[in-house]
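The values are calculated or read from the model by the stated rules, or taken from the named source; none is laboratory data. The structure presented is a predicted model; accordingly, all values stated were derived computationally and were not measured. Using ideal geometry, Cβ is built from the backbone for each residue, glycine included, and neighbour counts are taken over all protein chains shown.
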Amino acid sequence: MCFHRFNTSAALNAAAGSYTQWQFRVGDGSGYVATAAGGTANVGEWYHLVGVYDGANAILYVNGVEVAKVAISRPFVPNPMLPTEIGTASAFGRHFSGVVDEAAIYPAVLSPAEILAHYQNGINPSPATPYNQLVLAQNPLGYWRLNEPASPPPGSLPAAANLGSAGAAGNGSYNPGMQAGAPGATFTGFGADNKAAAFNGIIGHVSTPAQLNDMAQFTVMGWIKRGTAHSTRGGYFGQNDLLEIGDADGAQNIEVWVNAYGTNMKIPYPFRDDEWGFLAIVGDGTKTVMYANGEVVATLAGNAPTYGLSSYYFNIGGGGIFNATGDVFLGSIDEVAVFDRALTEQQIKEIFNSAGIPPFILQQPAAPAGTIYQGNPVTLKVTAAGTAPLSYQWRKNGADLPGKTSAELVFTQIMAADAGTYDVVVSNAYGSVTSDPVTITVQTDTVAPVLMYATGNATFNGVRVWFSEPVDPVTAQDKANYQLSGGLTVLSATLHAPAGSPGDNIVDLVTSAQTPGTMYTLTVNNVKDQAFPANTIAPNSSVEFSSWVLVRGMLKFETWSGLSTTDNSLANTLLKDPRFPNSPTFVSVTPSFSSRPVYPDDSHEGYGGKMSGYILPTETGDYRFFLYSDDSSRLYLSTDSDPKNAVLIAEETDCCDVYQEPGIANDDGVTYPTSEPVHLEAGKRYYVEAIWKEGTGGDYCHVAWRNENDYTPANELSPIPSDYLGMIVDPNVELKFTKQPTDQVAVLPSPGVEFFARDFNANDGGFTVENTDPAPPGPFFYDSVNGQWTADGAESGCTGPYNSRLSSPAITLPNAGMVTLTFSHRYSFETPLWDCGIVRISVNGGEFTYVPADNFMLNGYAEGAIIGNGIAIGLRGFNGDSPGYADGEFITSKAMLGTFNKNDKLVVQFVGAWDDCTTASVPGWVIDSVSLQIVPMIIQDFSKDNGGFTVENTTPAPPGPWVYNATAGQWAADGGEDACTGPYNSKLTSPAYVVPVSDEVTLSFTHRYSFESDLWDGGQVRISVNGGPFTPVSPDNFTANGYAEGLIQGSGILNGQRAFNGDSPGYASGQFITSSVILGKFNQNDTIAIQFVGAWDDCSTGSKPGWVIKSLQLAFGKAAQAVTFTSEATATLRGEPQAVSYQWQRNDGAGWADIPFADDPSYRFFPKPEDFDAKFRVVAYVPGKSITSNEVKLLTEQVEQPTISIAKSNQGVVITFTGTLQSSTSVAGGYTDVPGATSPYVVSNPTGTVFFRSVVK
């Protein structure tokens, strides 16, 4: 709050707006979330103003009265980067013309009565309590009375003198916040006691009256120094909207924006912290060049008759460089100059050198990685800078090396006598600097090179050969030392890299034409290493390899991360990146000419991408190609299979334009995203390549094509599918399974008892609809003619996102149990993953929660997360067209909803979600019937009561029998004691439960226990049926956390039987476990009683408590349970790991077929009856090579896994096994049964190689 008074005019600022009203604004990082405006603002009058933010509203009070109240559109977010200001906005662009007094800020909301009291006190000429005491009584965070003595402002800002030809007319001004006269560069050329301007990164800059408007040429230069802290975006010098120079991308780069070109150029910041660097920008009308320390570091080509104009001025340090205000540099700047002509490269160098800079080292010399052997070529190199000329003197062990006076110290063949410590002294007329020392150790190499790998190439005329160490250029490049099988001729041999540099262990051979996918043998002789004396490879060293192969159905997909998020020019980013094209950060394959199969959402930012391979037309004709990308992209096509012949045929220079018809240009009016017709012949391969640049937000690149005889509208085209794509790959991959899938036990779920069903034929079933506001064009509505609920969704007008929610009435559960939802439906939602349908439930009036994809047992959600805006973004849902949609067919989906208590109320909700634009076919989603089934359960939670359980003890009772603890909500028994007075037992018995349906019954209970170990004491579960005697449940029936191994040996009721023993997992930390056991199959109306028997022998006991039970459940039927087949494979190419892809298959008797969407190492599904007759396997593959796993199946019961071990004895080799023993002469098989083999099986006097395995048939 504060008092304000206008002078003769009003300015738009943080307090006063529209010149006649007051404003109170509340904002966040992206703008204002609320603006409350009201009251009157008359010149010369005092006003009491109060702005209140209460978490939901922005409220403005004028003279004690509320005049405006506006709800916030999103939460208020304070800005920690800017200070609180009085009389101006924090952005420094708005200033109040008037008088301010008594300003205060409170960390809490003042009531309307308190605000009115402040105003009335302030205008009272004789208040009972002084105004300042009233303000302070409510503990303000800040209170500025502004009662300080008058201080007349300076007549003008301090001047920044201009020494250029414009003279004093070009003088600049030091604006408050920056520091003039700060320490400058100490180089000789700057003279003694040189000063600079220092900037704090928050406020303050140097303003000048200069403008660069309408210049046909220019040169701008200056010296810059940053400390260890940097401005994330700070201007060095420039003119906003014309030429902008400064820190960008979190200070990682220097950015130069040239408005005449509508783009920028960037380089990584080239100078070290706390060191001065010289930066110059030169424009000559044909290009703009950036220099760093006198060297060209970036060039931006483009004709510019003039470099344009803007209404801003040339500033230094911020305050009108990148933006109209702000973006202040953090660091120091000195010696800024502007020329109205383009200085030459030589002139730039002369200016840099005139500073008189002593030498400094940019890159220290370093010894080569790895061991240095006698005879190896070795080069030590230093990179230094400073005023030219620079002189070098290399030294060994502190003594000068005669004649070694260049930046490199080269040993053509290093010898043992060359070992020592080296450094280099760099000097010029202004000083010298000595490098870090480098110690060289030289060893003698006695190991010959080894032939490691070989592979073909994509053009089938070359072979690349890898040796274990660097090889001698003379012998390695002698083609006579290489022979190839299959009639191939070696035409030449070239060392891949100069001797002494990385890659000098690789040789590239040029050969006669290879046959794709053919195995060849390379034999090598006489090749030597680089040692002295040299070692020669073993005679007739050989390696097998395959020539490369064409793989259909995919393109290579590569990306380069870490690029600019603001500059989306391919020329400035990806094409200038030194990693492109040979060193991508990510490599994969895509099955269509689209990035979406690999990057399915918009989560990747600041990268460049490339898709490459071959177009494989099946019909001769003329084709146009269409680009559609976010952000910019280019498409290249070759006249044949050779990438060297590829030319640019289409380009998207801006963003996000759906495939365009021919002749529609990009925003630049020059380039086109759609190609001219290209003639392609069926059966030929044409190299194709698309590259694109992603900044932020949307993230994709698509390429479509269209035969000139095809009249499909461009905006209805789809990316070129896999049938017409291919890529050449290296198949020399080592691919193997490290984990084979195994048979899995599976159960079919009980059908459950249906307790709710609606087919909508007679009425709407009591279902209701809620929609977004405004409602979607096609919300859910009841179709009484067809007896269905139908929604058509959105439309193509980009007015969404929308959703429509169809909810069932509240459904009361007749008893506790596991509930399954079954519904019949058909749908069509926009692909890929833009729109969808999802299912949610509400329990007992609570919030609706999403039914996850893993809960679906039949016809569940589509693969992948929804990317369209709206309620379902990031979730999985129904997407695309349901099977048989085009023929009007319905499908049945089933999903587990969970376990609930009797009388719980469920509401099932079907949510249709449509994003901003376009939609799929109509109808969008049709619900034909809905039903709920329940597997009945008895759920006993002892936190509510004792469950009607009773206790029976031995006589005398044990020291710690079963006791119900109402406070803890559990039954507990502590058991015996150490006085050897036992044995004891205590039996906890349930009431008799009636079986509601004929089915299998499973008991689950949550408990923890501690019984004397080594099988002395124990706990056991027993069952009584229809009032009969209690009998132990079978240990084999436990499906989770069953009995201990071995028989109880303590005296008493459990002697010789299996039971719980020792401490349960996590007992010491108080953790509970859940045990599950199948009690058997029972008939409807049978009665079951459960008994928990704690038994303790004569002496000793475990920890206390001995056995605690918190809850139990009886499930009358089998719940749906997913099964999972799991595999794992690895792939390596010349020792480097490769990504492995998977495809699960099934065989129902008619051959193997791919399982849709089963493309992970594991395959999880809910079994159906027909699955028990099928076989399953997984294919692991990399492009060009695949392997197939063992076949597996579903079992109705667990089969014991086979075991095998091998040992040597006096009789020979002894094999101990379970199952059936098989043998083979190859580890890959095939295996056959060993006739008559029993365990142990003895192999007497073994010869050769034999592999054994055991199997269970």
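Within the stretch 261-279, is there a residue that is in a loop (DSSP other than H, G, I, E, B) and basic (Lys, Arg)? So that I can check it myself, show each step before the final result.
Of the residues in the stretch 261-279, the ones in a loop (DSSP other than H, G, I, E, B) are 261-262, 269-276.
Okay, now just the ones that are also basic (Lys, Arg), so 272.
Yes; the residues of the stretch 261-279 include at least one that is in a loop (DSSP other than H, G, I, E, B) and basic (Lys, Arg).
Is one or more of the residues making up the stretch 809-826 closer than 16 Å to Arg840 by Cβ and assigned to a loop (DSSP other than H, G, I, E, B)?
Yes, the conditions are met somewhere in the stretch 809-826.
Out of Ser592, Ser638, I need the residue that is among the hydroxyl-bearing types (Ser, Thr, Tyr) and free of Cβ contacts under 8 Å to residues at least 60 places away in the same chain. Which one?
Ser638
Looking at the structure I just gave you, is Pro1029 at pLDDT 95 or above, assigned to a loop (DSSP other than H, G, I, E, B) and either out of contact with any Leu (no Cβ under 9 Å at 6 or more places or on another chain) or surrounded by 17 or more Cβ atoms within 10 Å (Cβ to Cβ) (or both)?
yes
Name the residue, out of Asp631, Asp577, Asp602, that is over 18 Å from the mean Cα position of the chain (by Cα), of a type in the set (Asp, Glu) and surrounded by fewer than 21 Cβ atoms within 10 Å (Cβ to Cβ). Show your work before the answer.
Values: Asp631 fails: surrounded by fewer than 21 Cβ atoms within 10 Å (Cβ to Cβ); Asp602 fails: over 18 Å from the mean Cα position of the chain (by Cα).
Of the residues listed, the single one that is over 18 Å from the mean Cα position of the chain (by Cα), of a type in the set (Asp, Glu) and surrounded by fewer than 21 Cβ atoms within 10 Å (Cβ to Cβ) is Asp577.
Results for (1) hydrophobic (A, V, I, L, M, F, W, C); (2) at pLDDT 90 or above, shown as yes or no for each residue.
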{"site": "Ile1204", "(1), (2)": "yes, yes"}
{"site": "Gln1211", "(1), (2)": "no, no"}
{"site": "Gln1222", "(1), (2)": "no, yes"}
{"site": "Ala1228", "(1), (2)": "yes, no"}
{"site": "Pro1235", "(1), (2)": "no, yes"}
{"site": "Ser1239", "(1), (2)": "no, yes"}
{"site": "Val1242", "(1), (2)": "yes, yes"}
{"site": "Asn1245", "(1), (2)": "no, no"}
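Mind checking whether some residue in the stretch 462-469 is at pLDDT below 95 and out of contact with any Asp or Glu (no Cβ under 9 Å at 6 or more places or on another chain)?
Taking every residue of the stretch 462-469 in turn, none turns out to be at pLDDT below 95 and out of contact with any Asp or Glu (no Cβ under 9 Å at 6 or more places or on another chain).
Restricting attention to the stretch 924-957, which residues are closer than 29 Å to Lys987 by Cβ, in a loop (DSSP other than H, G, I, E, B) and not basic (Lys, Arg)?
Hits for the stretch 924-957 are Phe942, Ser943, Asp945, Asn946, Gly947, Gly948, Phe949, Thr954, Thr955, Pro956, Ala957.
I'd like the full set of residues that are over 30 Å from Gly234 (Cβ atoms) and of a type in the set (Lys, Arg), limited to the stretch 330-389.
Lys381
Tally the residues that are buried (at least 16 other Cβ atoms within 10 Å of the Cβ) and farther than 20 Å from Ile281 by Cα, restricting the search to the stretch 347-363.
Number of matching residues: 5.
Inside the stretch 156-194, can you point out the residues that are without any contact (Cβ under 8 Å) to a residue 40 or more places away in the chain, in the same structural domain as Ser332 (by TED's automatic domain parsing) and closer than 30 Å to Asn428 by Cβ?
Those that are without any contact (Cβ under 8 Å) to a residue 40 or more places away in the chain, in the same structural domain as Ser332 (by TED's automatic domain parsing) and closer than 30 Å to Asn428 by Cβ: Gly181, Thr186, Gly191, Ala192, Asp193.
Kindly indicate whether Thr772 is of a type in the set (Val, Ile, Thr), in the same structural domain as Lys894 (by TED's automatic domain parsing) and under 37 Å from the mean Cα position of the chain (by Cα).
It is true that Thr772 is of a type in the set (Val, Ile, Thr), in the same structural domain as Lys894 (by TED's automatic domain parsing) and under 37 Å from the mean Cα position of the chain (by Cα).
Of the conditions (1) modelled with pLDDT under 90; (2) not in a loop (DSSP other than H, G, I, E, B), Ala369 fails just one. Which one is it?
Among (1) modelled with pLDDT under 90; (2) not in a loop (DSSP other than H, G, I, E, B), the lone unmet condition for Ala369 is (2).
Looking at the structure I just gave you, is Thr742 among the β-branched types (Val, Ile, Thr), touching an Asp or Glu at 6+ places or on another chain (Cβ under 6 Å) and either surrounded by fewer than 18 Cβ atoms within 10 Å (Cβ to Cβ) or closer than 30 Å to Glu716 by Cα (or both)?
No.
Only strands (runs of 3 or more DSSP E) wholly contained in the stretch 1083-1195 count here; list those with 1 or more residues that are modelled with pLDDT of 95 or more, under 30 Å from Trp1016 (Cβ atoms) and among the aromatic types (Phe, Trp, Tyr).
Hits in the stretch 1083-1195: 1087-1096, 1107-1116.
Among the residues of the stretch 958-978 satisfying the criterion of being of a type in the set (A, V, I, L, M, F, W, C) and assigned to a loop (DSSP other than H, G, I, E, B), which is farthest from Glu1012 (Cα to Cα)?
The selected residue is Ala966.
Give just the number: which of (1) of a type in the set (Phe, Trp, Tyr); (2) farther than 22 Å from Val930 by Cβ; (3) at pLDDT 95 or above does Tyr802 not satisfy?
It is condition (3) that Tyr802 fails.
Can you say whether Val328 is in the same structural domain as Glu295 (by TED's automatic domain parsing) and either of a type in the set (S, T, N, Q) or touching a residue at least 12 places away in the same chain (Cβ under 8 Å) (or both), as far as the supplied structure shows?
So Val328 passes the test.
Just to confirm my filter: which strands (runs of 3 or more DSSP E) fall fully inside the stretch 199-256 and include at least 2 residues that are buried (at least 21 other Cβ atoms within 10 Å of the Cβ) and of a type in the set (Val, Ile, Thr)? Even if it seems obvious, please write down each step before you answer.
Working: elements: 218-225, 235-239, 243-248.
Filter on the stretch 199-256 gives 218-225.
For the stretch 989-1011, which positions are more than 16 Å from Ala1089 (Cα to Cα), at pLDDT 95 or above and surrounded by fewer than 19 Cβ atoms within 10 Å (Cβ to Cβ)?
Within the stretch 989-1011, just Thr1006 meets the criteria.
Hey, can you tell me all the residues within the stretch 1060-1082 that are among the small types (Gly, Ala, Ser), on the phi < 0 side of the Ramachandran plot and part of a loop (DSSP other than H, G, I, E, B)?
Going residue by residue through the stretch 1060-1082, those that are among the small types (Gly, Ala, Ser) are 1062, 1064, 1066, 1068-1070, 1075-1076, 1080.
Subset that is on the phi < 0 side of the Ramachandran plot: 1064, 1068-1069, 1075-1076.
Within the stretch 1060-1082, Ser1064 is the sole residue that qualifies.
For the stretch 544-657, list the strands (runs of 3 or more DSSP E) that sit wholly inside it and hold at least 3 residues that are in the same structural domain as Trp692 (by TED's automatic domain parsing) and touching a His at 6+ places or on another chain (Cβ under 8 Å); which are they?
621-630
So is Thr459 among the hydroxyl-bearing types (Ser, Thr, Tyr) and part of a strand (DSSP E or B) or not?
Answer is no for this residue.
Restricting to the stretch 1211-1243, give me the number of residues that are within 26 Å of Ser1189 (Cα to Cα), assigned to a loop (DSSP other than H, G, I, E, B) and among the hydrophobic types (A, V, I, L, M, F, W, C).
Of the residues in that region, 3 qualify.
Looking at the stretch 472-489, which of its residues are surrounded by fewer than 18 Cβ atoms within 10 Å (Cβ to Cβ) and of a type in the set (A, V, I, L, M, F, W, C)?
If the condition is that a residue be surrounded by fewer than 18 Cβ atoms within 10 Å (Cβ to Cβ) and of a type in the set (A, V, I, L, M, F, W, C), then Val474, Ala480 are the ones that fit.
Scan Ala324, Ala280, Ala304, Ala298 and give me the residue that is touching a strand residue (DSSP E or B) at 6+ places or on another chain (Cβ under 6 Å), surrounded by fewer than 20 Cβ atoms within 10 Å (Cβ to Cβ) and among the small types (Gly, Ala, Ser).
That would be Ala298, the only listed residue that is touching a strand residue (DSSP E or B) at 6+ places or on another chain (Cβ under 6 Å), surrounded by fewer than 20 Cβ atoms within 10 Å (Cβ to Cβ) and among the small types (Gly, Ala, Ser).
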